[in-house]
Amino acid sequence: MPRAAPPGVLLPLLGLAVAAAAADCPSSTWVQFQDSCYIFLQEAIKVESIEDVRNQCTDHGADMISIHNEEENAFILDTLQKQWKGPDDILLGMFFDTDDDSFKWFDKSNMTFVKWSDQEDGKDLVDTCAFLHTKTGDWTKGNCEVSSVEGTLCKAANNHILISALVIASTVILTVLGAVVWFLFKRSLDSGFTTVFSAAPQSPYNDDCVLVVAEENEYDVQFD
């Protein structure tokens, strides 16, 4: 029995699922490096706290930038200089945790790499943020209470994009399987009705019974 093919209207959905799975970043305005996507929001905004800057990123499904090795640091510098034309200093997604007396990333990733300049720390690091100097690649410490920023650098792991693609693909596959099951079910029903109605009606008597009945009727007529 030939297999039922998925309806033609579902084929574009399959193509959409494949395209979604192949996509690395949400759009061409993002740039991919290793397993993350980056975007520089080239919009000057006034801020009251660093959370205002962070909200710029979270509104795009990302967080403020975190950097974990020299290669990533160099990639960001190169992209800022060649493609994004960013300002001299970019706020990093870092804050000073007074409970642990250490710097941490907002995106909760581990602090595996630092590139501080030869700047001496002050005695009080409360409300201290980190800045990336785009000319040298060094990090510097500064007050988080900035009044404005000339742009926000955001980063998102592309895991959520892969998950979205898998959800789309799963939905399409389930739709196709449902269509195939329905097609087979309908064909089974149609085949069953055809068998019932196409069969010739059968007499409850076989040929021998009919002959005996006929002879009995003839015998009764003679005696009448």
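The values are calculated or read from the model by the stated rules, or taken from the named source; none is laboratory data. Worth saying up front: this structure is predicted, and the values here are computed from it rather than measured. FYI the Cβ positions are ideal-geometry reconstructions off the backbone, even for glycines, and counts take in every protein chain you see. With ligands, DNA and RNA removed, areas are computed over all heavy atoms of the protein, side chains included. Shrake-Rupley method; radii C 1.70, N 1.55, O 1.52, S 1.80 Å.
Here are the numbers for this structure:
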read-out	value
Residue in segment 167-186 that is at pLDDT below 75, within 30 Å of Ile76 (Cβ to Cβ) and small (Gly, Ala, Ser) present	no
Count of residues meeting criterion [within 17 Å of Ala74 (Cβ to Cβ) and either open to solvent by 40 Å² or more (accessible area, probe 1.4 Å) or without any contact (Cβ under 8 Å) to a residue 40 or more places away in the chain (or both)] in segment 131-150	4
Condition check for Ala20: at pLDDT below 50 and within 25 Å of the chain's Cα centre (by Cα)	yes
Criterion (without any contact (Cβ under 8 Å) to a residue 24 or more places away in the chain, out of contact with any Gly (no Cβ under 7 Å at 6 or more places or on another chain) and part of a strand (DSSP E or B)) met by exactly one of Lys155, Lys104	Lys104
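For (1) out of contact with any helix residue (DSSP H, G or I) (no Cβ under 6 Å at 6 or more places or on another chain); (2) at pLDDT 95 or above; (3) surrounded by 13 or more Cβ atoms within 10 Å (Cβ to Cβ), each residue gets a yes or a no:
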{"residue": "Cys37", "(1), (2), (3)": "yes, yes, yes"}
{"residue": "Glu43", "(1), (2), (3)": "yes, no, no"}
{"residue": "Val47", "(1), (2), (3)": "no, no, yes"}
{"residue": "Met64", "(1), (2), (3)": "no, yes, yes"}
{"residue": "Glu72", "(1), (2), (3)": "yes, yes, yes"}
{"residue": "Phe75", "(1), (2), (3)": "yes, yes, yes"}
